[in-house]
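Structure first, then comments.
The values are calculated or read from the model by the stated rules, or taken from the named source; none is laboratory data. Owing to the predicted nature of the structure, the values given are computational and were not obtained by experimental measurement. Glycine gets a Cβ as well: all are built from the backbone with ideal geometry, and neighbour counts include every protein chain shown. When the accessible area is computed, the model is the full protein with side chains, heavy atoms only, and any ligands, DNA or RNA have been set aside. Shrake-Rupley method; radii C 1.70, N 1.55, O 1.52, S 1.80 Å.
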Amino acid sequence: MTAELVPIPFTWVLALSAVLFAIGTLGVMLRRNAIAIFLSLEVMLNSANLAFAAFAYRFGAVHVAAAAALDGQIFIFFVIAVAAAEATVGLALFIALYRLRETIDVDRFNILRW
Amino acid sequence: MVTWVFLAAAAVAVVFACLAVVVRNPILNVLSLVIVFFAMAAIFALLGMDFLAAIQVIVYSGAILVLFLFVVMLLNIPRLGRLGSGRPFQALLGSLLAAFLGGLLLAAAALLPAGLGAVLPGAAAGGTAVPIGRALISSHLFVFEFITLLLAAAIVGAVYLGERELQ
């Protein structure tokens with residue numbers, strides 16, 4: 001069975017991933033609420049996933065590199081699993097910090113600063 | 001047709017990602033992100049990655065973002081400050097950095113030779129779940145087991161952090 005062609009240039013997907021990454025970076029840099037920063041971080045993670053998808057999609061068209069296309073999708077699977085673990089621990093950390101200070105404004109947490 | 005669906009999903013993703021960053025109500029931030037992830041699932045489906053589209057909706061929108069929503073409601077977070085308020089110099093630097101990174105990635109995408117992609121050969125018949133599942137328990141077995149270890153460690157860490165009063 002021949003590969004079915006989809007009429008979307010893979011650089012479009014890559015460009016979308018770049019725009020989403022910039023938006024996520026903006027949020028991480030400018031927000032001060034820990035949960036808002038974490039949400040922006042999720043946007044950045046997903047833009048990385050989209051870049052993986054773009055290249056997996058591209059290399060699926062090159063018949064020799066079909067295994068590379070599958071590897072790209074498996075990487076996205078692993079990224080989602082790691083993101084789930086990260087969200088669990090991060091949110092538990094925010095709850096613990098909220099109990100300590102009644103806020104999760106990152107400017108209020110400087111106990112690790114020398 | 002496929003191109004228009006892609007463009008619509010991309011526009012929805014970008015607009016709601018902007019909303020997720022700019023809007024000052026944390027619950028609306030989380031809900032906009034849900035829409036972004038649905039749009040991304042649509043893009044995955046268009047690119048022939050049906051398993052990833054399902055995972056994106058079930059795990060990301062369904063589990064991770066609902067966890068976020070729980071925590072936002074649990075912590076009674078006040079309305080967020082205006083984006084970059086109070087520190088104009090750092091806000092300027094952060095915006096410049098974001099614009100620089102985005103521009104760099106866009107330039108890289110523009111410089112690459114454009115080409116169409118394709119769905120995974122043979123995936124059109126039975127979906128991508130079967131080849132991905134086979135690869136996970138054969139060629140990627142070690143990483144797969146490592147992920148299970150990571151998830152178990154994350155559960156233990158979350159229970160520990162959530163239960164104990166920090167000193």
For B:Ile137, what accessible area in Å² do you get when you roll a 1.4 Å probe over the heavy atoms of the protein chains, rounding to the nearest 10? 120
I need the Debye-formula profile for chain B: one equal scatterer per C-alpha, no solvent, reported as log10 I(q)/I(0) at q = 0.12, 0.18 1/Å, two decimals. -0.87, -1.35
Short to long, in 10 Å steps from zero, the percent of alpha-carbon pairs of the protein assembly as shown per bin is 7, 27, 32, 23, 9, 2, 0
What is the spin-label model distance, in nm, from B:Phe100 to B:Ala129 if the labels are put 7 Å beyond Cα along the C-beta direction? 4.6
In degrees between 0 and 90, to the nearest 10, how far off the longest principal axis of chain A does helix A:34-61 point, with axes built from Cα atoms? 10
Between helix A:66-101 and chain A: long-axis angle, C-alpha atoms, 0 to 90°, nearest 10: 10
Please give, to one decimal in nm, the separation of the simple spin-label points placed at B:Met1 and A:Glu102, each 7 Å out from Cα toward the Cβ. 6.0
Relative contact order in percent for chain B (Cα pairs under 8 Å, 6+ apart) equals 19
Solvent exposure, largest accessible area first (probe 1.4 Å, DNA, RNA and ligands not counted), of B:Ser138, B:Ser61: B:Ser138, B:Ser61
Could you give log10 I(q)/I(0) at q = 0.17, 0.22, 0.23 Å⁻¹ for the stretch A:10-108, computed by the Debye formula over C-alpha point scatterers of equal weight, without solvent? -0.80, -1.06, -1.11
